[in-house]
Amino acid sequence: TPRTGSAGARSFTPTKAAPQEVQDAAKDPTKIFGKYVLVKELGRGGAGIVYKAWDTTLAQFVAIKFIRDQDFGDSESQSGSQAVADFQREARMSAKLRHPNIIRIYELGCMSDRYYLSMDYIEGGSLFEVIHDSKERNTDTIFHKDTTKYLEMFRKVAEAVDSAHTHDPPVIHRDIKPHNVLVATNGTPYVVDFGLAKEVELSTSAHTMTGVVMGTPSYMAPEQAEGRNKDVDARTDVYSLGAVLYELITGRPPFQGGSVREVLNAICTRLPERPNEAIAQALLEKPDGANRPRPVPKPLETICMKALEKLSADRYQSAKDMADDIGRFLKDEDILAQEPSLYR
């Protein structure tokens with residue numbers, strides 16, 4: 001791992017093979033980082049900043065993630081030793097995963113005290129943007145335009161998550177959400193950020209809470225919401241998959257609120273509305289609209305609610321079980337999930 005030298009010390013002479021945007025970016029010395037040309041910022045979160053970059057060795061675009069650092073014009077956060085240790089450990093863990101629907105890791109390194117991770121660059125957008133046809137949440141959803149297409153996409157995501165769970169040692173994502181699924185322009189989904197989530201983040205607010213629980217509240221299982229991290233396992237990700245499916249169907253996650261505390265409390269103490277109940281409410285509030293949600297068959301609703309059970313023992317016991325039930329639904333076969341008994 002390189003630890004000396006300047007990130008911009010390496011001179012880069014763009015070749016004719018490099019895209020024009022790379023050649024333009026290479027004219028700015030501040031955008032040269034070793035063998036990479038940082039073309040543009042793709043996004044940032046509480047833990048990192050992601051850039052679209054050109055790898056001059058591989059002659060292809062990659063995505064580079066940096067720990068949030070003041071060297072990149074960010075004075076809000078600095079790379080502490082624990083953050084660096086977590087970044088390195090979890091990046092190495094992610095690099096071991098091999099699945100066609102999991103982002104491939106190319107390199108983990110440090111240069112000029114900037115820790116970075118290079119990975120596949122996916123031309124497209126997040127599943128969140130796909131669901132809402134926008135970067136902002138709304139109750140319109142394109143799921144109902146082609147339910148088979150989006151359920152197949154979701155099934156691939158569940159299978160990718162299961163492949164991580166069955167890895168040796170198992171890898172639990174802990175932050176499955178639409179933002180952490182990238183969808184290529186050809187419709188192929190890719191799961192990103194395995195095990196990298198370390199903070200609580202409310203998607204409707206810029207405020208975060210660090211060091212309390214791990215995950216994003218609206219997609220968080222009850223054991224996460226209560227801070228019972230020792231109880232987090234593969235079934236925790238199953239719950240989050242259920243929350244993603246719920247939003248795919250209804251246009252919103254199972255629980256929303258004005259604060260992190262409100263959302264966490266609801267996850268722990270309330271049952272989510274059944275998807276068709278949420279859809280009926282959305283239709284009352286907005287009866288018009290080409291992409292408004294529509295009622296779904298009960299078996300699909302049952303699959304979703306099975307994944308969202310409060311007790312992990314009552315959920316699907318693996319992401320593969322959930323993916324298989326989605327497959328049965330698509331084939332018009334009987335699903336294995338059952339509605340809870342009246343007693344329970």
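The values are calculated or read from the model by the stated rules, or taken from the named source; none is laboratory data. Not measured: the values here are computed from a predicted model. Ideal geometry is used to build each Cβ from the backbone, glycine not excepted, and the neighbour counts take in all protein chains shown. We work out accessible area using only protein heavy atoms, side chains counted, and drop any ligands, DNA or RNA first. Shrake-Rupley method; radii C 1.70, N 1.55, O 1.52, S 1.80 Å.
Here 266, 282, 243, 278 are screened, and the one residue that is crowded, with 24+ Cβ neighbours inside 10 Å and either assigned to a loop (DSSP other than H, G, I, E, B) or of a type outside the set (Asp, Glu) (or both) is 243. Pairing each residue of the stretch 91-107 that is without any contact (Cβ under 8 Å) to a residue 60 or more places away in the chain and part of a helix (DSSP H, G or I) with any residue that is of a type in the set (Val, Ile, Thr) and open to solvent by 20 Å² or more (accessible area, probe 1.4 Å), provided the two are 6+ apart or on different chains, yields C-beta distances under 6 Å for 95/105. If the condition is being within 20 Å of residue 148 (Cα to Cα) and open to solvent by 10 Å² or more (accessible area, probe 1.4 Å), then the stretch 249-263 contributes only 252.
Within the stretch 250-263, track down each residue that is part of a helix (DSSP H, G or I) and closer than 26 Å to residue 340 by Cα. 250, 263 - these are the residues of the stretch 250-263 that are part of a helix (DSSP H, G or I) and closer than 26 Å to residue 340 by Cα. Residue 180 passes every criterion in (1) modelled with pLDDT under 95; (2) surrounded by fewer than 21 Cβ atoms within 10 Å (Cβ to Cβ); (3) touching a strand residue (DSSP E or B) at 6+ places or on another chain (Cβ under 7 Å); (4) within 23 Å of residue 133 (Cβ to Cβ) apart from (2).
Here is the figure for the stretch 326-344: residues that are out of contact with any Pro (no Cβ under 6 Å at 6 or more places or on another chain) and in a loop (DSSP other than H, G, I, E, B) total 13. Name the residues in the stretch 293-325 that are part of a loop (DSSP other than H, G, I, E, B), surrounded by 18 or more Cβ atoms within 10 Å (Cβ to Cβ) and not acidic (Asp, Glu), would you? Once the filter is applied, which keeps residues that are part of a loop (DSSP other than H, G, I, E, B), surrounded by 18 or more Cβ atoms within 10 Å (Cβ to Cβ) and not acidic (Asp, Glu), the stretch 293-325 yields 293, 296, 308, 315, 316, 318.
Could you go through the stretch 63-81 and let me know if any residue there is under 18 Å from residue 193 (Cβ atoms), open to solvent by 70 Å² or more (accessible area, probe 1.4 Å), of a type outside the set (Gly, Ala, Ser) and at pLDDT 75 or above. For the stretch 63-81, residues under 18 Å from residue 193 (Cβ atoms), open to solvent by 70 Å² or more (accessible area, probe 1.4 Å), of a type outside the set (Gly, Ala, Ser) and at pLDDT 75 or above: absent.
Does residue 137 satisfy being part of a helix (DSSP H, G or I) and either over 17 Å from the mean Cα position of the chain (by Cα) or within 22 Å of residue 243 (Cβ to Cβ) (or both)? Here the answer is no, as residue 137 does not meet what is asked. Only a single criterion out of (1) closer than 15 Å to residue 45 by Cα; (2) at pLDDT 50 or above; (3) in contact with a Ser or Thr (Cβ under 6 Å, 6 or more places away or on another chain) is not satisfied by residue 219, namely (1).
Annotation: residue 117 fulfils all but one of (1) of a type in the set (A, V, I, L, M); (2) within 16 Å of residue 64 (Cβ to Cβ); (3) part of a helix (DSSP H, G or I); the unmet one is (3). Considering the stretch 39-51, and only residues there that are open to solvent by 10 Å² or more (accessible area, probe 1.4 Å) and part of a strand (DSSP E or B), the residue that is farthest from residue 24 (Cα to Cα) turns out to be 44.
Yes/no matrix, rows are residues, columns are (1) free of Cβ contacts under 8 Å to residues at least 40 places away in the same chain; (2) under 21 Å from residue 65 (Cα atoms); (3) open to solvent by less than 10 Å² (accessible area, probe 1.4 Å):
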| residue | (1), (2), (3) |
| --- | --- |
| 151 | no, no, yes |
| 156 | no, no, no |
| 159 | no, no, no |
| 168 | yes, no, no |
| 171 | no, yes, yes |
| 185 | no, no, no |
